[in-house]
């Protein structure tokens with residue numbers, strides 16, 4: 001990237017050193033071409049800088065995702081004791097809260113509520 005900026009700076013210096021007549025048609029065109037090249041070089045340098053920031057962010061996201069994958073997929077699930085899972089108390093949860101969890105089946109919630117009403 002610096003090479004492109006250096007070349008444009010060289011062209012600017014060359015036009016100044018050659019005493020290009022800025023009032024002639026050819027001089028005006030040449031100066032405008034060099035100014036346009038300078039604008040392109042600045043825009044490309046900005047894009048290059050922003051792209052490097054995006055690459056850094058993606059690398060961080062990739063590292064975080066790798067850590068998460070290690071945690072989720074490499075965890076030994078036999079370590080946890082699920083024997084008391086059926087004895088958990090869900091009486092304090094209302095139906096709106098349970099709807100937030102997609103692992104609860106609508107039919108099961110309805111069936112359990114019907115069974116509770118029968119027992120009462």
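For the pair residue 54/residue 32, report the inter-label distance in nm, with labels modelled 7 Å from Cα in the Cβ direction.
Modelled inter-label distance: 3.2 nm.
For segment 1-59, what log10 I(q)/I(0) values come out of the Debye formula at q = 0.12, 0.17 1/Å, with one point per alpha carbon and no solvent?
Debye intensities relative to I(0), on a log10 scale: -0.39, -0.62.
Give, in nm to one decimal, the length gained when the segment between residue 62 and residue 14 is fully stretched (0.36 nm per residue of separation minus the Cα-Cα distance).
12.6 nm is the gain from fully extending residue 62 to residue 14.
I want to check the label-to-label distance for residue 40 and residue 4. Put each point 7 Å from Cα in the C-beta direction and report it in nm to one decimal.
0.9
We did not get these values from a lab; they are worked out from the coordinates using the rules stated. Note that the coordinates shown come from a computational prediction; the quantities given were computed from them, not determined experimentally. All Cβ positions, even for glycine, are placed from backbone atoms using ideal geometry, and neighbour counts span all protein chains on display.
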